[in-house]
Amino acid sequence: MDNATIADRRQLRRKLTFWRIAAVVIALAGIFIAASWGRKDMGAIDHIARVKISGIIQDDAELLERLDGIARNDRVKALVVTISSPGGTTYGGEVLYKALRKVAEKKPVVSDVRTLAASAGYMIATAGDTIIAGESSITGSIGVLFQYPQMKDLMDKIGVSLEEIKSAPLKAEPSPFHPASEDAKAMIRAMVMDSYDWFVDLVAERRKLPRADVVRLADGSIFTGRQALKNKLVDTLGGPEAIRAYLDGRKVAADLPFVDYEATNQSGFPFLGGSSMREFARSVLGLPLDLQPALEKLTGEKLFLDGLVSVWQVDRD
């Protein structure tokens, strides 16, 4: 094969690569534009917004912005929050709870408890004007948790030590490098119990229950939907029909369509870092652009939670 033929083939290969990439970009842009126009069209008519909250709950600025937009949108006549979550950070649950209550000041909010809405997941559910659960849904686990690793035994085995000088005994406590002192444990427990009391008071207020009854239920126990109904932690057992029936009682027209308000980073538009673009980059470039999901699969999302958490840990020993 002569040099001219080789050069021609290389040039052809470069042109093919360019047009393949251009076709992918154009296709993704078209999908994004079509989806955007679809959302605009649906936003131009009265509808019921639906937001899904799933997985580990953390401080999510994008979700808070979505909820604020729903609260301000006069075309949204009600909000249905579908929850499938074991909980997460206590603060993450707190800010979502407050955001949902702001929506509820302007329009009905229904908490739709699916497979699991425990701990901070249940905290969020209490923000709804009504809580609807399945008979076998899992909910409850009212409580707060603070965990920290202890590495001293491992460090002793491998002959590694850590020296420190600090301004006061409780600075940077508890530490993973030495057992916590009694004063450190007391400090953390006081913080945990303060957040626990706030959680209990919130449930008592929202469920209109005596505080003593909530304390009895708030020992970390989980409940089925049937048990939760008996204990007045949910209002109704059912699904879509029960949601429609409740909204009908709140004067929300039965023929209004549901519109899913999804995270903007799920659009797949390349310049917004959508999941489709990440997958494209992985397949074409072979780059591990986001290592956290892989680590979460190996170790569990709870590894990435810091501070106080309200989470039901089904795999706890």
### Task
For each pair in K106/K208; K98/K208; K52/K106; K98/K171; K106/K251, compute the distance between the two Cα atoms and list the pairs where it is over 25 Å.
K98/K171
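Which GluC sites (Glu not before Pro) in region 153-249 pass both tests, a DSSP loop state and at most 12 other beta-carbon atoms within 10 Å? Don't skip to the end; give the middle numbers.
Working: sites: E163, E164, E182, E205, E241; in loops: E163, E164.
Those that pass, being in a loop and sparsely packed, are E163, E164.
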#### Entry: Using θ = phi - 60° and Karplus 6.51 cos²θ - 1.76 cosθ + 1.60, couplings along region 105-119 (whole Hz; Gly, Pro as x)
5, 10, 7, x, 10, 10, 8, 9, 7, 9, 4, 8, 9, 10, 6
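By its C-alpha gyration tensor, with a ≥ b ≥ c as the square roots of the eigenvalues, how is region 167-208 shaped: rounded for a/c under 1.5, else prolate for a/b larger than b/c, else oblate?
Details: a/c = 4.25, a/b = 3.65, b/c = 1.17.
Prolate, since a/c reaches 1.5 and a/b exceeds b/c.
Going by a ≥ b ≥ c, the root eigenvalues of the Cα gyration tensor, does region 62-147 fall in the rounded group (a/c under 1.5), the prolate group (a/b larger than b/c) or the oblate group?
Working: a/c = 2.48, a/b = 1.44, b/c = 1.72.
Here region 62-147 falls in the oblate category.
Each value in this text was obtained by applying a stated rule to the coordinates, not by laboratory testing. None of the values given here were measured: they were computed from a predicted structure. Virtual Cβ from ideal backbone geometry, glycine too; neighbours counted across all protein chains shown.
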